[in-house]
Every structure is written in structure tokens, then in C-alpha cells.
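Working notes for the structure below.
Computed from the coordinates by the stated procedures, all read-outs in this text should not be read as laboratory data. Owing to the predicted nature of the structure, the values given are computational and were not obtained by experimental measurement. A quick note on method: Cβ atoms are made from the backbone with ideal geometry, for glycine too, and the neighbour counts reach across all protein chains shown.
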Amino acid sequence: MPSLTKYYLGFRLALTNELMHRTNFLFGVLRRVVFSVTLVYVFERIPRGIGAFSSVKLIDYVLVSYFISSIIHAYAMGRMSEEITNGDLSNYFVKPLKFLPYWAARMVATRGLLAVAGCVGVVVLAFVTRTSIAAFFHVAHPVQTALLVVNAIIMVQLIDFLGGLTAFWTDDEHGVQWLITTLILFLSGALIPNSVLPQAVQNLLNLTPFPFIVYAPTQMWLGNFDAAAFQHAFVTQLVWIVVAACAVYVVWNRGKKTYEAYGR
């Protein structure tokens, strides 16, 4: 079997799995739509806006950030942890299949479905709230936005891997998964623009990868970032990607040394 074919099969498996459990998938999408609808209604009742964002700009931000956050959300760590804790990881050691690339291929399929669902969700969100979706279909800087979104996906996937690999040392990864998901949701700009937060909070967040996951791509999409801001965000993303990749490499290799699967 060619080296890439086995990962393509993983891609197809993930696609089939999501379609088989389409009810869970659809309810997950609906949950995010309902949450974003709530935000739109809240921002509509703040006519003066917040900071440099008017009420209209805040709603435009919600539409775009909803789509971006829907495709970069952390999804794999729970299922990865299950394979480690129940001993299924051993199957990867006896087959010509690498655990992390296999899961990366599976997440490409999942994120593809989420991108389609995200587009539909934006239309539903606009219909329910009776707001314009012109900002969603007008990408101010398409190339730069695409680069920032791709980097954000890589960053979140690496963070996702780190969360899943904690199963080498604990049988209950739910706390870690909840913490990581919550941090990404509240600190990445998925709810409100980071620039409306107090300056001291912004300075602290800028020392983390979170503002460059949703906030930076959304601002680029809406045309609120100039060339200098794009370069800063892009370079910062690359730095965090390298840091996270090194962390995954170290945790993976240390985890394998502690891994035990009795009866496998």
C-alpha cells in the first residue's frame, strides 16, 4: 500500500464516521449557531458598540468569527485519549501507520465538513437575526486571510494533540479537554474582539497563541489589519507552531516510554 493511501483511508473513515453520526454533528453545529445568535442579539442592543467597534461591526465580527472558530475548534483529543487509555495505540506500533499523521488526516476530513456546515450556519444565523451577511462574502484580503486561517488550524491541531497525549499520564482527560476548549473559546476572540478588552489584558494575551487563532484571521478577513499587522500575526503564528510542534514531539516520545497496555 502506498505510504499516503493509508492516511487517505483514515480521511475517508473520519468522513464516513461523521456522516454516520450526523445527528450528533448537526446538534453540535446547531449549538454554535444558537450561541452566535445570542451574541448578535446582545450586540444589536449596544447601539454605540464597544471600543472601536460599532454595533454593525460587532455583528460582522460575529458572523466571520463564527465561521473561522467552527473549523478550528479542537475535536480530536478526546478520541485520541481513548485510543491511548484503552490500549488501541498498540495497533499503530505493529502496523506501518503513524498515530499523529493518521489523526491529522482524519481531522482534515472533519474540518472539511465543518467548513461546509459553517457556511450554512452563517446563512441560518443571518436569516434568524435578519442581519446582512455582506461582510462574510467579502474577504478584504483573501490570500493573507487564508494564510492566517491555515496557520490557526495547524496551531489548534497541535494544541489538540497535546491535550490528547496527556492520556499517557492520566485516565481522565476530560478536565484537560474542557480547559483547552474553554481557553480557546474565551481567549481567541471567538466571542468578542480581543481589542475591546482592557489594554493590560491584551498585553497579557499577546504573550500567548490565543489571539492569533480567531481574532487575527477575523480582523484580516474584515480588512481591519494592515500589512504590518498581518506580518506580525503571521510571524507570531509560525513561532507558536514551531513551539507547539516541539512540545508535541517531546510529549509524544516521553509518553511512549511510559505507555503500558496490559492484555494487548
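Worth a mention:
- Each residue in 218, 145 was given a count of other beta-carbon atoms within 10 angstrom of its own, and listing them fewest first yields 145, 218.
- Net charge dipole, region 5-258: roughly 320 debye, given to the nearest 20, about the Cα centre with Cβ charges of +1 for Lys and Arg and -1 for Asp and Glu.
- Per-q log10 I(q)/I(0), region 198-263, q = 0.15 Å⁻¹ (Debye; single scatterer per alpha-carbon; no solvent): -0.61
- Highest-MSF residue in the chain out of 217, 198, 101 [GNM, Cα springs under 10 Å]: 198
- Phi to ³J(HN,Hα) by Karplus 6.51 cos²θ - 1.76 cosθ + 1.60 over region 115-127, Hz, x for Gly, Pro: 5, 5, 4, x, 4, 5, x, 4, 4, 5, 4, 5, 5
- Rg/Rh for the chain stands at 0.99; both radii use Cα atoms, and Rh follows the Kirkwood definition.
- For region 69-135, the relative contact order is 40 percent, taking Cα pairs closer than 8 Å that sit 6 or more residues apart in sequence and dividing their mean separation by the residue count.
- In terms of packing, defined here as the mean over residues of other Cβ atoms within 10 angstrom, the peptides 59-67, 148-156, 130-138, 36-44 line up highest first as 59-67, 148-156, 36-44, 130-138.
- Highest mobility in the GNM of the chain, judged by mean-square fluctuation with C-alpha springs under 10 Å and restricted to 227, 190, 117, is found for 227.
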